[in-house]
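Step one of this worksheet: look at the structure below.
The values are calculated or read from the model by the stated rules, or taken from the named source; none is laboratory data. In this text the structure is predicted, and so the values were computed from the model without any measurement. Here the Cβ positions follow ideal geometry from the backbone for every residue, glycine too, while neighbour counts run over all protein chains shown. When the accessible area is computed, the model is the full protein with side chains, heavy atoms only, and any ligands, DNA or RNA have been set aside. Shrake-Rupley method; radii C 1.70, N 1.55, O 1.52, S 1.80 Å.
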Amino acid sequence: MALVQDILTVKGSKVYTITPDATVYEAVARMNQHKLGALVVVSREDPQEPIGIFTERDVMRRVVGQLRYADLVVVGEVMTRDMVTCNPSMPIDEVAQVMLEQRIRHLPVLNENNVLCGMLSIGDVNAWHVSRANATITELNDYILGRT
């Protein structure tokens, strides 16, 4: 059974963060720079302590949708506070189910000490499933063609 840690081993554990006092404009600029759909919002006092998540959906609903100015609104006002997380030992299929049920596309990964140790996107989960399916297809083709 594949685990979150398996994806992080391939993808890496780099997590892009921002503090709640940054402007939405600064956050969006960082997201664009790194081609991200979300940033983990961390405490200024402890950069390993996640306090929320800031996503494209937050921008659309709480900034653009309310005609607010991105350079005047801080992330802490519009971030999602009740973020859903996962841990490295969680099965990938369970993560996919949580994302589907909660209608979310990004999951911060917290270790047993609640320290931020990675970030998963729905794209990461889908890529993992595709790579496993391709490996299975290759194995079956090799078996059928007698190359095993």
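Just a few scattered comments:
- Charge tally in the Cβ shell below 14 Å around Val24, where Lys, Arg are +1 and Asp, Glu are -1, Val24 excluded: -1
- Averaging Cα coordinates gives a centre for the range 74-89 and one for the range 105-148; these two points are 24 Å apart.
- The orientation-averaged shadow of the Cα convex hull for the chain, equal to a quarter of the hull surface, comes to 10.5 nm².
- By accessible area, using a 1.4 Å probe on protein heavy atoms only, the chain has 52% of its surface on carbon and sulfur.
- Among the chymotrypsin sites (Phe, Trp or Tyr not before Pro) within the range 60-148, those in coil by DSSP and having at most 14 neighbouring Cβ atoms inside 10 Å are Tyr69.
- Distance between the modelled labels on Thr136 and Arg103, one decimal in nanometres: 2.9 nm (7 Å Cα→Cβ projection).
- Between amide H atoms placed 1.01 Å from N, distances below 5 Å from Ile104 occur with no residue 5 or more places distant or on a separate chain.
- Rolling a 1.4 Å probe over the protein chains gives Arg44 an accessible area of about 140 Å².
- Figure note: Glu26, Glu45 ranked by solvent-accessible area, largest first, 1.4 Å probe, ligands and nucleic acids not counted: Glu45, Glu26.
- Note on His129 and Val74: with the Förster distance fixed at 30 Å, the Cβ-Cβ geometry gives a FRET efficiency of about 0.20.
- Helical mean residue ellipticity (222 nm; -39500 (n - 2.57) per DSSP H run of 4+; nearest 500) of the chain: -13000 deg cm²/dmol
- Solvent-accessible area per residue, Å², over the chain with all protein chains present [probe radius 1.4 Å]: 62 Å²
- Cα-based shape type of the range 43-94, given that a ≥ b ≥ c are square roots of the gyration tensor eigenvalues and the cut on a/c is 1.5: oblate
- Averaging the sequence gap over all C-alpha pairs within less than 8 Å and six or more residues apart, then dividing by the number of residues, gives the chain a relative contact order of 25 percent.
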